[in-house]
Amino acid sequence: QVQLVESGGGLVQPGGSLRLSCAASRSISNADAVGWYRQIPGKPRELVAGTDYLGHPSYADSVKGRFTISRDNLKRTMSLQMNNLKPEDTAVYSCHVRYSRGEYWGQGTQVTVSS
């Protein structure tokens with residue numbers, strides 16, 4: 001089992017920034033992929049940003065140029081830096097780790113972008 005604990009969500013005004021962090025209870029250096037997903041009520045969960053085994057990042061078109069994913073294998077953490085936030089970024093954000101023998105989710109953290 002792997003526990004993932006997110007932090008850093010909250011309320012921010014449009015144009016503002018937030019940094020989400022996710023701490024893993026075991027190493028993520030051998031994970032096939034890590035990523036951040038978000039879910040808006042009534043809509044399917046979507047992948048916002050992810051990195052593969054080699055650390056190559058990928059982003060949803062809606063967040064390219066605004067969000068940056070990072071991963072620290074030694075600290076067993078991953079982060080999502082979110083800049084120039086928009087109201088449509090409002091959602092519950094969850095971190096995700098996939099190993100060859102299983103995948104794990106964090107509990108989710110609410111991000112609300114509103115004036």
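Just the residues that are in a loop (DSSP other than H, G, I, E, B) and open to solvent by less than 30 Å² (accessible area, probe 1.4 Å), please, taken from the stretch 9-38. Step through it out loud before you land on a result.
Step one: filter the stretch 9-38 for residues in a loop (DSSP other than H, G, I, E, B), giving 9, 13-17, 25-32.
Those that are in a loop (DSSP other than H, G, I, E, B) and open to solvent by less than 30 Å² (accessible area, probe 1.4 Å): G16, I28, A31.
Could you list all residues from the stretch 63-90 that are in a loop (DSSP other than H, G, I, E, B) and farther than 20 Å from L11 by Cβ? Don't jump to the end; show me each part of the working.
First, the residues of the stretch 63-90 that are in a loop (DSSP other than H, G, I, E, B): 63-66, 73-76, 83-86, 90.
Once the filter is applied, which keeps residues that are in a loop (DSSP other than H, G, I, E, B) and farther than 20 Å from L11 by Cβ, the stretch 63-90 yields K64, G65, N73, L74, K75, R76.
Is it the case that S70 is touching a Ser or Thr at 6+ places or on another chain (Cβ under 8 Å) and at negative phi?
Working: touching a Ser or Thr at 6+ places or on another chain (Cβ under 8 Å): yes; at negative phi: yes.
Yes, satisfied.
E6 passes all but one of (1) under 18 Å from G108 (Cβ atoms); (2) surrounded by fewer than 18 Cβ atoms within 10 Å (Cβ to Cβ); which number fails?
Single failed check for E6: (2).
Of the numbered conditions (1) among the charged types (D, E, K, R); (2) touching a Phe, Trp or Tyr at 6+ places or on another chain (Cβ under 9 Å); (3) open to solvent by less than 70 Å² (accessible area, probe 1.4 Å), R71 fails exactly one; give the number of that condition.
The number of the failed condition is (2).
Can you find a residue in the stretch 49-62 that is at pLDDT 95 or above, crowded, with 18+ Cβ neighbours inside 10 Å and within 20 Å of Q107 (Cβ to Cβ)?
Checked the stretch 49-62: at least one residue is at pLDDT 95 or above, crowded, with 18+ Cβ neighbours inside 10 Å and within 20 Å of Q107 (Cβ to Cβ).
Just for the stretch 91-115: of the residues that are in contact with a Ser or Thr (Cβ under 6 Å, 6 or more places away or on another chain), assigned to a strand (DSSP E or B) and of a type outside the set (A, V, I, L, M, F, W, C), which one is nearest to Q13 (Cα to Cα)? It would help to see each step written out before you state the result.
Of the stretch 91-115, the ones in contact with a Ser or Thr (Cβ under 6 Å, 6 or more places away or on another chain) are 93, 105-106, 108, 112-113.
Subsequent filtering for residues that are assigned to a strand (DSSP E or B) retains 93, 105, 112-113.
Add one more test, that the residue is of a type outside the set (A, V, I, L, M, F, W, C), and what stays is 93, 112.
On the way: Y93: 17, T112: 8 Å.
Checking each candidate, the answer is T112.
Taking the conditions exactly as written (open to solvent by 60 Å² or more (accessible area, probe 1.4 Å) and at pLDDT 95 or above), does P44 satisfy them or not? Spell out the reasoning first.
Numbers: open to solvent by 60 Å² or more (accessible area, probe 1.4 Å): yes; at pLDDT 95 or above: no.
Here the answer is no, as P44 does not meet what is asked.
The values are calculated or read from the model by the stated rules, or taken from the named source; none is laboratory data. Just so we're clear, the structure is a prediction, and the values are computed from it rather than from any experiment. Every residue, glycine among them, receives a Cβ derived from its backbone with ideal geometry; neighbour counts consider all protein chains shown. Surface areas here come from the heavy atoms of the whole protein model, side chains and all, with no ligands, DNA or RNA. Shrake-Rupley method; radii C 1.70, N 1.55, O 1.52, S 1.80 Å.
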